[in-house]
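The values are calculated or read from the model by the stated rules, or taken from the named source; none is laboratory data. Not measured: the values here are computed from a predicted model. Virtual Cβ from ideal backbone geometry, glycine too; neighbours counted across all protein chains shown.
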Amino acid sequence: MLGNVSDFALTNQFGRVVTRADLLGQVWVADIIFTRCPGPCATMSKVMRELQDALPPNEPIQLVSLTADPEFDTPEVLKKYGEGLGAMPGHWQFLTGKKLEVYRLATRGLLLAVDEVKADERTSPEDLFVHSTLFVVVDKQGRIRGSFDGTEPASRRKILEVIRALLKEKQP
């Protein structure tokens, strides 16, 4: 176990506020992406879609994608992005909010790396953010229980194994 996810209040792709309390009682998988990403985000979102398709829809499981680019990735932008991926409403949430709050959840809550690339250090106009490619699995009590590289093909199977084990755990 790697620690507890801290409290947060961010906005999903439907304009609704989502908090840590809303996710308690559910197993969730989180990552950090951005919609204008020229790099690994498309692969990560494809893997998240594969997880969505492999998971039973009636189990208490949430997929959560934070944005590294909250100033551009508004709820409307995230909704369109999610629809393009075939994200199931109620099962896969895309979260945005004030940059400080999103980055606090990412770095302190989920132990994911994220940072903006300074304008003079960008290698291209799309080189906006550096972020982790990890998927973090969180248990029903809001505790981090695993971390997996979202770009590694073997990670999908490992994430599913952890989710299945966590679903069987009894709540205290």
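The table below lists the values:
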quantity: Contacts under 7 angstrom Cβ, first residue in the stretch 46-64 being closer than 20 Å to GLY84 by Cβ, partner of a type in the set (Ser, Thr, Tyr) and modelled with pLDDT of 95 or more, 6 or more apart; calculated: MET48/SER65
quantity: Evaluation of LEU10 against (1) farther than 19 Å from PRO153 by Cβ; (2) part of a loop (DSSP other than H, G, I, E, B) (one fails), failing number; calculated: (2)
quantity: Residue list for the stretch 19-44, restricted to those being touching a Phe, Trp or Tyr at 6+ places or on another chain (Cβ under 8 Å) and touching a residue at least 24 places away in the same chain (Cβ under 8 Å); calculated: ARG20, VAL29, ALA30, ASP31, PHE34, THR35, ARG36, CYS37, MET44
quantity: Any pair with Cβ under 8 angstrom, 6 or more apart, that starts in the stretch 138-158 at a residue that is under 17 Å from LEU110 (Cβ atoms) and ends at one that is small (Gly, Ala, Ser) and part of a loop (DSSP other than H, G, I, E, B); calculated: LYS140/GLY25
quantity: Selected residue (only one of LEU24, LEU95, LEU78 is closer than 22 Å to GLY146 by Cβ and buried (at least 18 other Cβ atoms within 10 Å of the Cβ)); calculated: LEU95
quantity: Members of the stretch 27-46 that are charged (D, E, K, R) and surrounded by 15 or more Cβ atoms within 10 Å (Cβ to Cβ); calculated: ASP31, ARG36
quantity: Helices (runs of 4 or more DSSP H) fully within the stretch 68-172 counting 2 or more residues that are at pLDDT below 95 and under 16 Å from the mean Cα position of the chain (by Cα); calculated: 99-104, 155-168
quantity: Every residue from the stretch 13-43 that is farther than 20 Å from ARG104 by Cα, in contact with a helix residue (DSSP H, G or I) (Cβ under 9 Å, 6 or more places away or on another chain) and not in a loop (DSSP other than H, G, I, E, B); calculated: VAL27
quantity: Failed criterion for ARG49 (all others in (1) under 17 Å from PHE148 (Cα atoms); (2) crowded, with 20+ Cβ neighbours inside 10 Å; (3) at pLDDT 95 or above hold); calculated: (2)
